[in-house]
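First the structure, in the form of structure tokens, and then the observations on it.
The values are calculated or read from the model by the stated rules, or taken from the named source; none is laboratory data. Just so we're clear, the structure is a prediction, and the values are computed from it rather than from any experiment. Virtual Cβ from ideal backbone geometry, glycine too; neighbours counted across all protein chains shown.
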Amino acid sequence: MPSLVSRARAFRSTDHFKRLWKYASVSIISTAVTQVVLFSTYHVFKLGTAIECNIVATVCASVPAYYLNRNWTWGKSGRSNIWREVVPFWSISFVGLVLSTVAVGVAAHNADRISHGSLERAIIVNCANLVTYAFIWTGRYMVFNRYLFGDRAGQSASMPETASTSTSVSIPEQGQAGASGPAELELGSSEHASREAADPAR
């Protein structure tokens, strides 16, 4: 037991724990936005069906979630890379949107069997959305950390630059080696001529 406690304390001081804690905080924020928008558009204002309101709520929550995860959780700065960050993020968000929309549609279709009240129907729809994103929460973190915003994504992006730098350095070295060849031949020829002048009998 003491070793387990010490390991837990050591893990709390690592960068991975801090990143995971920030990711959880962003998830709480985005979940709150999703739930509020979904409940308001579906139950309070009745702007559309459960599926339509779920799409609106997911999009509203995904925009701040991207910038919070990129800039705060993983500490990325500068302009976003379209193909390495933006497109994969929205592709993952689209998968979550499809899964949550299916769950919300099934929940809304079967809500009448549980209760006929509009408030109860809205709660069932919100719970379907919440449970769906709870299931994919860990998978999203692993993809974000490994391929989008983590250190491995930055290392894979910098590999071509490293290769080009090493090639440009090796070319001048070869040129210098080739340039020193004639000078060494001339030096050898002058030494041979001086030896013949010093020893005529030879």
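Looking at segment 38-51, can you tell me whether even one residue there is closer than 15 Å to R140 by Cβ, among the polar types (S, T, N, Q) and at pLDDT 95 or above?
For segment 38-51, residues closer than 15 Å to R140 by Cβ, among the polar types (S, T, N, Q) and at pLDDT 95 or above: absent.
Could we say that V98 is at pLDDT 95 or above and farther than 15 Å from T34 by Cα here?
On the way: at pLDDT 95 or above: yes; farther than 15 Å from T34 by Cα: no.
Against the criterion (at pLDDT 95 or above and farther than 15 Å from T34 by Cα), V98 does not qualify.
Considering only helices (runs of 4 or more DSSP H) fully contained in segment 55-144, which possess at least 2 residues that are exposed (fewer than 15 other Cβ atoms within 10 Å of the Cβ) and among the small types (G, A, S)?
118-135
Scan segment 2-29 for residues that are among the β-branched types (V, I, T), in a helix (DSSP H, G or I) and either modelled with pLDDT under 95 or exposed (fewer than 13 other Cβ atoms within 10 Å of the Cβ) (or both) and jot them down.
Matches in segment 2-29: V5, I28.
Only residues that are more than 19 Å from V86 (Cβ to Cβ) and either surrounded by 14 or more Cβ atoms within 10 Å (Cβ to Cβ) or in contact (Cβ under 8 Å) with a residue 60 or more places away in the chain (or both): list them for segment 30-48, please.
Result: T31, V33, T34, Q35, V36, V37, L38, F39, S40, T41, Y42, H43.
Would you please list the contacts, defined by Cβ atoms under 6 Å and residues six or more apart or on different chains, that run from a residue in segment 2-15 that is hydrophobic (A, V, I, L, M, F, W, C) to a residue that is surrounded by 10 or more Cβ atoms within 10 Å (Cβ to Cβ)?
F11/F17
Conditions first: (1) closer than 18 Å to V26 by Cβ; (2) under 13 Å from the mean Cα position of the chain (by Cα); (3) in contact (Cβ under 8 Å) with a residue 40 or more places away in the chain. R84 passes all but one, so which condition is the exception?
Every condition holds for R84 apart from (1).
Looking only at segment 98-142, which residues are among the hydroxyl-bearing types (S, T, Y) and free of Cβ contacts under 8 Å to residues at least 60 places away in the same chain?
S100, T101, S115, T132, T138
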